[in-house]
């Protein structure tokens, strides 16, 4: 019902512009677009119905032990999720920049069919860490190499404000 109200508003705007013949043609175009929106919003095959040149959010979590990449659409629905453990069986290599490149390659394979051309990147490292792990930079770099547009890069690392006591005791950690 909300779509019908939008169509009538668009029709009124088009009628205000002038020629009735042009208005009929434009109304037909508006109706076609509204039908496309209804098809895109249906619950069946959401992955294949994303419009051309869509945007997505890439959440990259990099620690010094692993790299996790989670791709969602703008509303938060999961499109793809790839981790270092899915690429390599050696646990010492999961945080390696080379493995991060393979992670991004697998993401590109899954995302290209959906028509996504640009990304918002959110990089997160372990809480209280000053720098992300070694895989974050190579993922962003390989995505740009594959032709995707990076709209924004945001550091979402959690920093405690006061919070619980830091591990290590009164005198701190000693070697």
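The values are calculated or read from the model by the stated rules, or taken from the named source; none is laboratory data. For clarity, every value in this text was computed on a predicted model and none was experimentally measured. All Cβ positions, even for glycine, are placed from backbone atoms using ideal geometry, and neighbour counts span all protein chains on display.
The figures follow:
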item: Qualifying position, being within 30 Å of residue 126 (Cα to Cα) and at pLDDT 95 or above, among 93, 68; result: 68
item: Residue within the range 124-136 that is over 15 Å from residue 156 (Cβ atoms), at pLDDT below 95 and assigned to a helix (DSSP H, G or I) present; result: yes
item: Residue under evaluation residue 99, criteria (1) buried (at least 17 other Cβ atoms within 10 Å of the Cβ); (2) under 18 Å from residue 156 (Cβ atoms), criterion not met; result: (2)
item: Qualifying residues in the range 87-123 (those that are out of contact with any strand residue (DSSP E or B) (no Cβ under 9 Å at 6 or more places or on another chain) and part of a loop (DSSP other than H, G, I, E, B)) - the one farthest from residue 53 (Cα to Cα); result: 90
item: Which listed residue, of 94, 112, 89, is free of Cβ contacts under 8 Å to residues at least 60 places away in the same chain and surrounded by 19 or more Cβ atoms within 10 Å (Cβ to Cβ); result: 94
item: Test result for residue 128, within 16 Å of residue 58 (Cα to Cα) and touching a residue at least 24 places away in the same chain (Cβ under 8 Å); result: no
